[in-house]
Amino acid sequence: MEVLRSRNVDVGLSSRGYASVYRQFNFPGVDQDREELLTACLDRLTALKEIEEKLGKDARTEEVLEAARAAELKHSLGVPSKGDGRLDQIFKDESTHFLLRVSLAKTNEQRDFFLKTEANLLASRLGQAGSEAVLSVLKDFPDMSIEVVQRSEMVEFQVDLDAVARGPRRSPVSAGTVYYKVAFNLVPYHVAARRVLVRSGYAYVPENYLIDILVSQFRSSLSKSLADISKTSSFMARHQSFGPLLAEIQNHFYAIASEGHVKTSRFARGDLKRAELRSGDVPAGMPLCMANLMNKLKDSHHLKHGGRMQLGLFLKSCGLTMEESLSFWRDEFQKGSVASDRFDKQYAYSIRHTYGKEGRRKELSCYGCMKIINTTPGPGEHHGCPYKEFSEPRLKQSLSAIGVPAAEVAPIVSLAKENHYQLACGRTFMATNQTDPSEGAIVVTNPAEYFDRARTLRKEGATTAMDVDS
Amino acid sequence: MATTGNPAGEFESQLRWYYSKHFPIDLFHRWLSYGDESYFPRREISFTLPGDVYLRFRSFANADELLETLKKQTPIKIDIGAVYNISPKERANVGASLVPLEKELVIDIDMTDYYDVMGDLKEGDPVDVCDRNWQYIAGAVQIVDTALREDFGFRHLLWVYSGRRGVHCWVADQGARSLSNEARSAIVSYLSVKMVSEDNAGRRIDDITNPLHPSLSRAKREVCEPLFNEFVLKDQGMMTTPQRIKQMLSFIPNPALREQLLDRLTSTSSKNWSGTDKWERVKHDLIKHSETKTADYILFHYTYPRLDVNVSRDLGHLLKGPFCVHPGTGRVCVPFRAEECEQFMPAKYAPHIENLIEDVNNVVKGQKEGEPSQYLNKAIKVFQEFVVGLEKEKAIAEEKKTHAKLSDMDRNGARDFLAV
């Protein structure tokens, strides 16, 4: 068991136990009960998800910190200032932070998530600890020059300091506030916004900005650490028994959707889950165009752009969150020759883009049938409408494969031959789902609607069947 | 890319001549070595070859290798990128991925971003337009140079004419080279004022505060006010036509005040007012209506530096090096001193490659060296000062290190002595 190295640092924040987070990059101990540890990790992950949700809403800093405080309280992550449980709680705090760090270092999305949510959690904690405690921690850092601005310098810069303090969106600076002189790159955000006086490479920061220095230090060391972890596997090599626990955290990363996370988007109407795609099987009820793409993806672990767009937007509309989509595509591509980091570089952007997180930030929704019919896939591409693109034998075979009864194949193929693609697709829908024949012909206009209706029918069927059973 | 009206092959042979005859390869190599032999070979140097073939991730073991390649391949543009963990050209052999470690902080200012504040001097060929509007660039250089030195404490700055319509600045202090991307972004944001444009029309810009941030009030006092009064109002005539007056007043958020001023300044009674008179009136009314910030904003809109911030933000971003020959204008990208920027006239100080050739031919015929060569030599001298400044500082730092070590040894010696 490795020594808990944080004790001496802990002195800095005597009332709280968080200082350790900045330097503690080794796992404090391996003898913990795994179940307990996993539960604690998932509690922290849930709290972080709640912070993320607030961040996603462009909330003001104070609101985010307030949310962080609330989440910390709700999932009891806080460290009491005294009492018997204190050491245990510190231990839990460090362990969960560390394990999440190791687990969530693999992809850009997860690293970003962890970085920004942990930084806000820390900021909220430091806000409660007070600037004196912060200062004593800062003084403990190596290579950190923080000096109190001398009286003579205060007089020299009085006018300038006042001018800076009176701008908009400044925290009020009360008279007699102590100023500190720090290297300008310790407070990059304040420098960028001209919220501080900068002279000869030093920023003159009032006492109440000190927290930001600590948080930004934390961010950069955490960012570096995450990058390092993502490149090595030394932790896993040393502690192989943690593999299942880390995998479990991974699973939960996508499973824990903080409230309203999935359904807020008007573009996501379905209830498809990442887990249903995990085995690589095609979920029942998918229209032929999408089932075809799913199969091609399963076979070759790759799809060209047209295919990725057509299937990706469809899955999005069926209910996959952005994280789920990224995980789905990454996993599939990884089975082929696309490594995770190459995926992050080449493909992740366009997926985030469809979710409105990049570029012009407009969410895209599933292609309609007209668009799909009107595209012409080139060689090696599998998107487009199968009723239009497939040869007769291939169409017949595909229809049988998705469960169209033999008697129904011929009429569907003949509809397709007469260019009634949407009617053909509708007939397939009727043949594969127990629809009420009195409803008449169905014209399919959107694959996501097709799937949604098919699933609804199946669920109803299942419920009815159960009712009969019981 | 169009060359200077020559057949493509001719520009190439001119370049070959220029690289072997005039390109200051030794200084160039000394600069990018920073007194450390392992530094230069790890630097990314990219070429654009004739025909716009762009080659990234080149690197060179030493000055000779670079010069030979320049002569052989005659790149029409040499871009300088970051210093990496390994030599970029060996990335395939080593099997490690390239990680950018250091690069100078770079600043890019381009005349293209100034078109909306041009009036009488706007018309004509883009290169001429830049030459005539150079005062904007000169003002920007002065403001940025002062801020980088006084506020950020940098000392080794190289300003270079970009060959067509802008300038670059290389900040080469050790502290600048090792800045994180975050810190680079912070610096360029600090140096920028958000401008009202079509993209953000109607949104309140609160970059301008009252009182102004000290760096902005210094810029206003030292550069913006004189530039506005002399150049914007007089030479550009930005208060002469109703349309230009309307443009200037469009930044006033209060519609009543805006209309009132517009009526006043475009009526017959103010027909004989000078641009300065009109501005005084605008300023007076704005201050009377507690719109000091708006008056300042207008001043900054017309005079404050407009940086191409994306060039600065990323460690790995490439920027054209000094002493390239711009393929479109034929001008040499010469360094200049910030304090002389106002006198710098691109058409004259940045010699044309053909004039350099002619000049050398004349010297061969026994004539005295002409202006083009003199201006090139002057630029090389500026470059040399910059390189020597860096080397001196490096030497002083080394000496200090040695001293520190020695005194440490003394102290240990004393301790040993006392212990005995």
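The values are calculated or read from the model by the stated rules, or taken from the named source; none is laboratory data. This structure is a prediction, so every number in the text was calculated from the model and none was measured. Cβ placement follows ideal geometry from the backbone for every residue including glycine, while neighbour counts extend to all protein chains displayed. Ligands, DNA and RNA are stripped out before the accessible areas are found, and what is left, the full protein with its side chains, is counted by its heavy atoms. Shrake-Rupley method; radii C 1.70, N 1.55, O 1.52, S 1.80 Å.
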Discussion item. Looking only at residues that are among the charged types (D, E, K, R) and within 41 Å of the chain's Cα centre (by Cα) in segment A:127-159, which one is nearest to A:Ala68 (Cα to Cα)?
Written reply: A:Glu132
Practice prompt. Output yes when any residue across segment B:221-239 is at negative phi and within 14 Å of chain A (Cβ to nearest Cβ), and no when none is.
Written response: yes
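Inspect all residues belonging to segment A:174-181 and state whether any of them is at pLDDT 90 or above and within 13 Å of chain B (Cβ to nearest Cβ). Steps first, please.
Of all residues in segment A:174-181, those at pLDDT 90 or above come to A:179-181.
Filter again for within 13 Å of chain B (Cβ to nearest Cβ), leaving A:181.
Yes: segment A:174-181 contains one or more residues that are at pLDDT 90 or above and within 13 Å of chain B (Cβ to nearest Cβ).
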Item to complete: Look at A:Glu363 and say whether it is among the acidic types (Asp, Glu) and surrounded by 18 or more Cβ atoms within 10 Å (Cβ to Cβ).
Response: no
Worksheet item: What are the residues in segment B:129-162 that are among the charged types (D, E, K, R), in contact (Cβ under 8 Å) with a residue 12 or more places away in the chain and either closer than 23 Å to B:Val332 by Cα or surrounded by 19 or more Cβ atoms within 10 Å (Cβ to Cβ) (or both), if any?
Response: B:Asp131, B:Asp145, B:Asp151
Worksheet entry | Test: A:Tyr387 is touching a Pro at 6+ places or on another chain (Cβ under 7 Å), in the same structural domain as A:Ser300 (by TED's automatic domain parsing), among the hydroxyl-bearing types (Ser, Thr, Tyr) and closer than 17 Å to A:Leu311 by Cα | no
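Which helices (runs of 4 or more DSSP H) sit wholly inside segment B:135-232 and have at least 1 residues that are acidic (Asp, Glu) and farther than 28 Å from B:Asp277 by Cβ?
Details: elements: B:174-177, B:181-191, B:214-219.
Those helices (runs of 4 or more DSSP H) span B:181-191.
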Worksheet item: When B:Ser46 is evaluated against the numbered criteria (1) closer than 30 Å to B:Tyr190 by Cβ; (2) modelled with pLDDT under 95; (3) of a type outside the set (Asp, Glu); (4) open to solvent by less than 60 Å² (accessible area, probe 1.4 Å), which criterion, by number, is the only one it fails?
Response: (2)
Discussion item. Of everything in segment A:378-401, what is under 23 Å from A:Val443 (Cβ atoms) and not in a helix (DSSP H, G or I)? Give them in sequence order.
Written reply: A:His383, A:Gly384, A:Cys385, A:Phe390
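Restricting attention to segment B:179-194, does a residue exist that is farther than 17 Å from A:Val191 by Cβ, touching a residue at least 24 places away in the same chain (Cβ under 8 Å) and of a type outside the set (Val, Ile, Thr)? Steps first, answer last, please.
Restricting attention to segment B:179-194, the residues satisfying the condition of being farther than 17 Å from A:Val191 by Cβ are none.
For segment B:179-194, residues farther than 17 Å from A:Val191 by Cβ, touching a residue at least 24 places away in the same chain (Cβ under 8 Å) and of a type outside the set (Val, Ile, Thr): absent.
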Item to complete: Taking the residues in segment B:76-112 that are more than 22 Å from the chain's Cα centre (by Cα) and closer than 28 Å to B:Val332 by Cβ as candidates, determine which candidate is surrounded by the most Cβ atoms within 10 Å (Cβ to Cβ).
Response: B:Pro88
Worksheet item: For segment B:120-140, what are the residues that are within 20 Å of B:Met239 (Cβ to Cβ) and touching a Lys or Arg at 6+ places or on another chain (Cβ under 6 Å)?
Response: B:Leu121
Discussion item. Need the failing condition index for B:Ala172 against (1) under 18 Å from B:Ala140 (Cβ atoms); (2) more than 14 Å from every other protein chain (Cβ to nearest Cβ); (3) of a type in the set (A, V, I, L, M, F, W, C), just the number.
Written reply: (1)
Worksheet item: Which one of the conditions (1) in contact with a Gly (Cβ under 9 Å, 6 or more places away or on another chain); (2) at pLDDT 95 or above does B:Gly275 fail to meet, given that it meets all the rest?
Response: (2)
Fill in: Leading residue by the ranking (modelled with the highest pLDDT) among those in segment A:187-217 that are at the interface with chain B (Cβ under 9 Å from one of its Cβ atoms), touching a strand residue (DSSP E or B) at 6+ places or on another chain (Cβ under 7 Å) and part of a helix (DSSP H, G or I)
A:Val191
Worksheet entry | Some residue of segment B:323-332 being assigned by TED's automatic domain parsing to the domain that holds B:Leu158 and surrounded by fewer than 19 Cβ atoms within 10 Å (Cβ to Cβ) | yes
Practice prompt. Could you pull out every one of the helices (runs of 4 or more DSSP H) wholly within segment B:7-124 that has 3 or more residues that are among the acidic types (Asp, Glu)?
Written response: B:63-73
Discussion item. I'm trying to understand the selection: among the residues of segment B:50-72, which are farther than 21 Å from B:Asn93 by Cα, at pLDDT below 95 and either touching a Leu at 6+ places or on another chain (Cβ under 6 Å) or of a type in the set (A, V, I, L, M) (or both)?
Written reply: B:Val53
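Looking at this structure, is B:Leu299 surrounded by 17 or more Cβ atoms within 10 Å (Cβ to Cβ), in contact with a Cys (Cβ under 7 Å, 6 or more places away or on another chain) and assigned to a helix (DSSP H, G or I)?
Working: surrounded by 17 or more Cβ atoms within 10 Å (Cβ to Cβ): yes; in contact with a Cys (Cβ under 7 Å, 6 or more places away or on another chain): yes; assigned to a helix (DSSP H, G or I): yes.
It is true that B:Leu299 is surrounded by 17 or more Cβ atoms within 10 Å (Cβ to Cβ), in contact with a Cys (Cβ under 7 Å, 6 or more places away or on another chain) and assigned to a helix (DSSP H, G or I).
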Worksheet item: Out of all the residues in segment A:303-318, is one or more open to solvent by 10 Å² or more (accessible area, probe 1.4 Å), of a type in the set (A, V, I, L, M, F, W, C), within 23 Å of A:Phe253 (Cβ to Cβ) and assigned to a helix (DSSP H, G or I)?
Response: no
